[in-house]
Amino acid sequence: MNYELNDLMKNADIVRFVKSKRMAWLGHVMWMEGKRIPKRVLEWKPTGRRNRGKPTKRWNEDIEENIQIMGIRGWRKLCKERAEWKKITVKDKTHRGL
């Protein structure tokens, strides 16, 4: 029920909460070794062609769009610094544009 979600989330905006968790997960995956499957999937470049029509967004594209909206530059370097990335994920929870 919605009231249960509100109690659980302490009335936080669920969309912002999920987006901030995705940002945290991105940082977590970027810290992984190159052999791990989540890291390989994140860095994988699909080959071939997409179907006709409006292309669906990939997870990477959506995350990069959110990073661009927040005005963050050089996010791949910032991911390597845990303290800086933590600040970004906290800022992400309250960002109005997302």
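The values are calculated or read from the model by the stated rules, or taken from the named source; none is laboratory data. Here the structure is a predicted model, which is why all the values come from computation and not from measurement. All Cβ positions, glycine included, derive from the backbone under ideal geometry; neighbour counts span all protein chains shown.
One table, with the values for the structure above:
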quantity: Selection from region 32-72 of residues that are surrounded by fewer than 10 Cβ atoms within 10 Å (Cβ to Cβ) and under 23 Å from V15 (Cα atoms); calculated: P55, T56, G71
quantity: Residue among K87, K45, K77 that alone is among the basic types (K, R), over 14 Å from L26 (Cβ atoms) and either within 14 Å of the chain's Cα centre (by Cα) or assigned to a helix (DSSP H, G or I) (or both); calculated: K87
quantity: When residues of region 58-74 are limited to those that are outside any loop (DSSP other than H, G, I, E, B) and among the hydrophobic types (A, V, I, L, M, F, W, C), the one nearest to W44 (Cα to Cα); calculated: W59
quantity: Residue in region 13-25 that is loosely packed, with under 10 Cβ neighbours inside 10 Å, in contact (Cβ under 8 Å) with a residue 40 or more places away in the chain and assigned to a helix (DSSP H, G or I) present; calculated: yes
quantity: Subset of region 1-52 [over 23 Å from D92 (Cα atoms) and among the basic types (K, R)]; calculated: K35, R36, R40, K45, R49, R50, R52
quantity: Number of the exception - D92 against (1) surrounded by 10 or more Cβ atoms within 10 Å (Cβ to Cβ); (2) over 11 Å from the mean Cα position of the chain (by Cα); (3) part of a helix (DSSP H, G or I); calculated: (2)
quantity: Leading residue by the ranking (farthest from R82 (Cα to Cα)) among those in region 15-41 that are among the hydrophobic types (A, V, I, L, M, F, W, C) and at pLDDT below 85; calculated: V15
quantity: Residues being free of Cβ contacts under 8 Å to residues at least 12 places away in the same chain, among the β-branched types (V, I, T) and closer than 19 Å to D62 by Cα - total across region 26-42; calculated: 1
quantity: Failed item, numbered, when W75 is tested on (1) among the hydrophobic types (A, V, I, L, M, F, W, C); (2) modelled with pLDDT of 85 or more; (3) surrounded by fewer than 15 Cβ atoms within 10 Å (Cβ to Cβ); calculated: (3)
